[in-house]
Amino acid sequence: MFRFSKISVRCYAKDLKFGSEARKAMLTGVDMLTDAVAVTMGPKGRNVVIEQSWGSPKITKDGVTVAKAIDFKDKFQNMGAKLVQDVANKTNEEAGDGTTCATVLARAIAKEGFENISKGANPVEVRKGLMKAVDQLVNELKAMSKTVTTPEEIAQVATIAANGDKTIGKLISDAMKKVGNKGVITVKDGKTLQDELELIEGMKFDRGYISPYFINSAKGAKVEFEKCYILFSEKKISQIQDIVPALELANKYRRPVLILAEDVDGEALTTLVLNRLKVGLQVCAVKAPGFGDNRKNTLRDMAVSTGGVVFGEESALLKLEDIQIQDFGEAEEVTVTKDDTLILRGKGTPEEIEKRIALIQDELEASTSDYEKEKLNERLAKLSTGVAQLKIGGASEVEVNEKKDRVTDALCATRAAVEEGIVPGGGVALLRALKKLDKLKPDNEDQKSGIKIVQKAIRQPISTIIANAGLEPSAIVEKVLASSDINYGYDAMNDVYVNMIEAGIIDPTKVIRTALQDAAGVASLMATTECVVTEIPKEEPAMPGGGGMGGMGGGMGNLKFSKNQVIFFLLSKVAIRCSFTIDCRVGSHQQKPFIHNCRDGSSAKLQDQQFS
């Protein structure tokens, strides 16, 4: 006998639009979103202030941040806006910068595409011609690209991406010089007004000592060890018998010992503290960083780095009470503060460290999660070159957040430049590739229309930069096109014509390529749209009005507070916790005197209280 469960599905009515009406509604949303994003483009681009559901408004000049913040009430307009948001998001994920350029290109391609299709062009053939043109432009950009090698060129790329901030450019250049082009560089809030670069060599993690009784330094509240043994445990250490063998070995060899475990408490912690205070044994216990599998992997990384083993691993079958001297990890220096731990110059063998690095790199290639990739990169850096931290300072949280957006963009742009090289900036590279499209041979007139769409669209980035500088774009664009020098362009910041490469006005090839490909892919699909379907939200019935309180005719009914409610009140400047029963029904208040003996021996009396 079979049983069938009922499945209820909520269905909403649909609203449909076709043809030019659908495309026009979507284009309205695209236009409004792009207008908001485009004002941030170029050295004289403006900021956008975004209301947030909590805290103060966000001020930003980051295109993708502006795009993500925009929603429209009209569902057809919102659908067009969301498609362009996808362009910005995809470009940001792939290249880390160029989102404003991608948004401007997407609007231009979609707009020209809509016009051509409205005049009767075949949408499929138009898209084919459009993608042919994009492929030709990508090849030309790669041919134009120049390799980035020197710190000065890296600083130039970062400066341009950070909206002309030379301090940020130098900061990123210095960071890459110290940890390498593929090293891990993190961006964090600073604690001063100035931007700072901190290089963390070795293993550093955000866990401090479990007890302040471990402090052994006169220079501050910290623990400092030299030539230190390190004990790693995946499990919690609570029993005294688990810890005594390790302490005996450390005492025998007159070496300090750092214990890294899931937790240390109970008898084990008491034993450690007593040995520290009474015997003078140099010991410190720290909780292992992270949670779950991430904690286990981090412990294994540290064990490999210091030449130790991890107790508690199911595969190793090691018990703490059986510890031998070779099971300890070793490090030249260990510093533990209230908040973090730093392990320097571990004694792990280079061969084992290389194997561990290769394993993490394989995991990194296989991972699809951004969070996992971030954690794997951090682990990789700690095992190899260390981590460079950019601490961004400012006078207020709003200022720091705005600067962090620019630093993150600059960092991503710099990595992209190192990866694929650079081209002249300021929209000039796309303009220079324009002439190559004249040589393309389309199969039919509709494909030719697609090529012309791209020819018009790639003028938009430089035109937007010039317009944001308060000038008329057409004359300047034509003057740049008239020059035979591939690097000749317009410096919008200083209002002069210059050699863009020599002036340091450059763009990463990867950023421009990605922006062009992503914009063309989505915008060409939008242009071929014939029908748009949205949901009509179901109208919910209004909630019935509530009744009055007390004698106002219902609503509260038979209101009763639960028994043993805990309240706090102040009596003779002493906070007292009291427990009492209230029976509070509408129209009949029952009050009983209540006497509670307080902690200080006095009494508190509650009576004649009125509840309404």
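We did not get these values from a lab; they are worked out from the coordinates using the rules stated. Fair warning: this is a prediction, and the values are worked out from it, not measured in the lab. Quick reminder, even Gly has a Cβ in these numbers, built from the backbone with ideal geometry, and neighbours come from all protein chains shown.
A few comments on the model shown:
- Relative protection proxy for 135-141, 403-409, 442-448, from highest mean packing down: 403-409, 135-141, 442-448 (other beta-carbon atoms within 10 angstrom).
- The residues 209, 253, 371, 229, when put in order of fewest to most other Cβ atoms within 10 Å, stand as 371, 253, 209, 229.
- The Cα atoms of region 264-309 give a gyration tensor whose axes a ≥ b ≥ c have a/c of 1.5 or more with a/b no greater than b/c, which makes the shape oblate.
- Formal net charge of residues neighbouring residue 500 (Cβ-Cβ distance under 12 Å; K, R +1; D, E -1): -2
- Of the peptides 470-478, 330-338, the order by per-residue mean of other Cβ atoms within 10 Å, starting with the highest, comes out as 330-338, 470-478.
- In this structure, the pairs whose alpha-carbon distance is over 23 Å, taken from 61/375; 61/510; 90/479; 90/204; 191/227; 170/355, are 61/375; 90/479; 90/204; 191/227; 170/355.
- Candidates 205, 220, 286 compared by Cα position along the dipole of region 204-348: farthest toward the positive end lies 220, with charges placed on Cβ.
- Environment charge at residue 469 (Cβ cut-off 13 Å; Lys +1, Arg +1, Asp -1, Glu -1): -1
- P(r) histogram, all alpha-carbon pairs of region 1-143 included - 5 Å bins from 0, percent: 2, 8, 14, 16, 17, 14, 10, 7, 4, 3, 2, 2, 1, 0, 0
- Positive dipole terminus of region 1-120, leading residue within 92, 20, 63 (C-beta point charges): 20
- Relative exposure of 509, 270, 150, judged by other C-beta atoms within 10 Å (fewest first): 150, 270, 509
- Each of 407, 360, 311 was placed along the dipole of region 311-408 (beta-carbon charges, centred on the mean Cα), and the one lying farthest toward the positive end is 407.
- The modelled label-to-label distance for the pair residue 484/residue 364, using points 7 Å beyond Cα in the direction of Cβ, is 4.7 nm.
- Among beta bridges from DSSP that stay inside region 204-348, the antiparallel ones total about 55%.
- Charges were assigned to the Cβ only: +1 to each Lys and Arg, -1 to each Asp and Glu. The resulting dipole of region 415-502 about its Cα centre is roughly 300 debye.
- Net charge, residue 382 excluded, C-beta distance under 9 Å - Lys, Arg +1, Asp, Glu -1: 0
- Dipole magnitude (debye, nearest 20) for region 204-348, charges at Cβ of Lys, Arg, Asp, Glu: 500 debye
- Taking a straight Cα-Cα cut-off under 14 Å and skipping sequence neighbours fewer than 8 places away in the same chain, the aspartates and glutamates within cross-link reach of residue 441 are 125, 135.
- Peptide packing for 32-40, 260-268 was compared via the average number of neighbouring C-beta atoms within 10 Å per residue; ordered from the highest value, the list is 32-40, 260-268.
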